[in-house]
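Trainee: One structure follows; several queries about it will come next.
The values are calculated or read from the model by the stated rules, or taken from the named source; none is laboratory data. Since the structure is predicted, the reported quantities are computational estimates derived from the model, not experimental observations. Virtual Cβ from ideal backbone geometry, glycine too; neighbours counted across all protein chains shown.
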Amino acid sequence: MASVPENAEEENRLPPGQYIPRGRPVIHYGRVPAFRPQTWRFQVLGATASGEPHDFTWEEFSGLPRTTVVADFHCVTKFSLMGNEWGGHPASALLERVPPAPGVRHVMVWAEYGYSANLRMSDFARDTTLFATEINEKPLSPERGYPVRIVVPHLYAWKSVKWVRGIEYLTEDRRGFWEERGYHNVADPWKEQRYSYQEEPGDGPP
């Protein structure tokens, strides 16, 4: 059952079909992975400018520039969590450290157990996209993606992959885990882009 929004401003920020729930629901697919900092690696793969992949240890990844983003979070199951303060590393820090080759227009985000989600480069490179390690000034809980998840707040939350382990630069779009299973390739909540049957020409690969 939906709760009453705390104020009209929050209600006005809700995309079509969304509601503000009681509490803070957590949804994930599969089991929660264990984090082992000594062996954890973050990889940048695919069409890098150098032509070579790059691996970050946990210590190296943690040393990337940090930022804070305050943003709403919209789950495709129709609940929205409003005004979250995410702390972590901006996507721009990875783009600067390991730049993509000319012609890269898409990014595949890879996580534990082979889970993935694809993003247009224009979405990945936004100022509000970050690799979050904290929410509301506290470390992420394991169920919410500890030690790191990507947060893409202007898209539906399945694009905000938990337990991220790398990105792959793509010159051609390729569907990720849920996109291959019938979810919309773009995932704009303001257009209610929930399912692949809603896609218009140019929204995704054949």
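Trainee: Please go through (1) at pLDDT 95 or above; (2) more than 21 Å from residue 43 (Cα to Cα); (3) not basic (Lys, Arg) for residue 205 and return the number of the only condition it doesn't satisfy.
Mentor: Only one criterion in (1) at pLDDT 95 or above; (2) more than 21 Å from residue 43 (Cα to Cα); (3) not basic (Lys, Arg) is unmet by residue 205, namely (1).
Trainee: A further question on this structure: Here's a check for you: in the stretch 23-50, which residue that is among the charged types (D, E, K, R) and assigned to a loop (DSSP other than H, G, I, E, B) is nearest to residue 109 (Cα to Cα)?
Mentor: 31
Trainee: Of the residues 131, 124, which is crowded, with 20+ Cβ neighbours inside 10 Å, within 11 Å of the chain's Cα centre (by Cα), of a type in the set (Phe, Trp, Tyr) and farther than 22 Å from residue 38 by Cβ?
Mentor: From the options 131, 124, the qualifying one is 124.
Trainee: Tell me, which strands (runs of 3 or more DSSP E) wholly within the stretch 71-124 include 1 or more residues that are over 21 Å from residue 176 (Cβ atoms) and not aliphatic (A, V, I, L, M)?
Mentor: On the way: elements: 80-90, 106-111, 116-120.
So the answer is 80-90.
Trainee: Return only the number of the condition from (1) closer than 27 Å to residue 102 by Cα; (2) buried (at least 17 other Cβ atoms within 10 Å of the Cβ) that residue 163 does not satisfy.
Mentor: If we test residue 163 against (1) closer than 27 Å to residue 102 by Cα; (2) buried (at least 17 other Cβ atoms within 10 Å of the Cβ), just (1) comes out false.
Trainee: Criterion first (in contact with a His (Cβ under 9 Å, 6 or more places away or on another chain) and over 21 Å from residue 177 (Cα atoms)) does residue 129 satisfy it? Show your work before the answer.
Mentor: Numbers: in contact with a His (Cβ under 9 Å, 6 or more places away or on another chain): yes; over 21 Å from residue 177 (Cα atoms): no.
For residue 129, the condition - in contact with a His (Cβ under 9 Å, 6 or more places away or on another chain) and over 21 Å from residue 177 (Cα atoms) - is not met.
Trainee: Show the residue pairs meeting these rules: Cβ distance below 8 Å; 6+ apart or different chains; first residue within the stretch 1-20 and outside any loop (DSSP other than H, G, I, E, B); second residue modelled with pLDDT under 65 and surrounded by 15 or more Cβ atoms within 10 Å (Cβ to Cβ).
Mentor: 11/5
Trainee: I would also like to ask the following. Taking the stretch 81-101 as the region of interest, how many residues are in contact (Cβ under 8 Å) with a residue 40 or more places away in the chain, out of contact with any Ser or Thr (no Cβ under 7 Å at 6 or more places or on another chain) and either on the phi > 0 side of the Ramachandran plot or charged (D, E, K, R) (or both)?
Mentor: 2
Trainee: Follow-up question, since we're still on this one. Please verify whether the stretch 161-173 includes one or more residues that are under 16 Å from residue 78 (Cα atoms), in contact with a helix residue (DSSP H, G or I) (Cβ under 9 Å, 6 or more places away or on another chain) and assigned to a strand (DSSP E or B).
Mentor: no
Trainee: Tell me which of these residue 53 doesn't satisfy, since it passes every other one: (1) touching a residue at least 60 places away in the same chain (Cβ under 8 Å); (2) touching a Gly at 6+ places or on another chain (Cβ under 9 Å); (3) not aliphatic (A, V, I, L, M).
Mentor: Single failed check for residue 53: (1).
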